[in-house]
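Only one structure is covered here, and it is reproduced in the block below.
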Amino acid sequence: MNLAMLKPGEQGTISAIGAIGPLRRRLMDMGVLVGEEIQVLKVAPLGDPIEVKVKSYHLSLRKKEAQGIAIEVRS
């Protein structure tokens, strides 16, 4: 499952980051790291962008960026 598939309020643990190059570095600099808990806060009406909370930061990601982040969902 990837981050873009979650609904607002759902959360999980990052299991892999599929992005490469500068995008991967930018995500990692923002705290999007394997093993971190991540929660979807809001999704824009057309599905882009997606607001997430990782650590104590609120980040806004494009849907395409979120699709490259694999997560394990908690029940």
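Rule-based calculations on the coordinates, nothing more; no lab input. None of the values given here were measured: they were computed from a predicted structure. When we count neighbours, we look across all protein chains shown, and the Cβ atoms used for this are built from the backbone with ideal geometry, even at glycine.
Restricted to region 1-43, and to residues there that are part of a strand (DSSP E or B) and of a type in the set (D, E, K, R), the residue that is farthest from Ser56 (Cα to Cα) is Lys42. Cβ-Cβ distances below 6 Å connect the following pairs, each with a first residue in region 53-75 that is among the polar types (S, T, N, Q), a second residue that is not in a strand (DSSP E or B), and a separation of six or more residues or different chains: Ser60/Pro49; Gln67/Ala4.
Checked against (1) exposed (fewer than 12 other Cβ atoms within 10 Å of the Cβ); (2) part of a helix (DSSP H, G or I), Gly47 meets all criteria but (2).
When Gly35 is tested against (1) surrounded by 11 or more Cβ atoms within 10 Å (Cβ to Cβ); (2) in contact with a strand residue (DSSP E or B) (Cβ under 9 Å, 6 or more places away or on another chain), exactly one condition is not met: (1).
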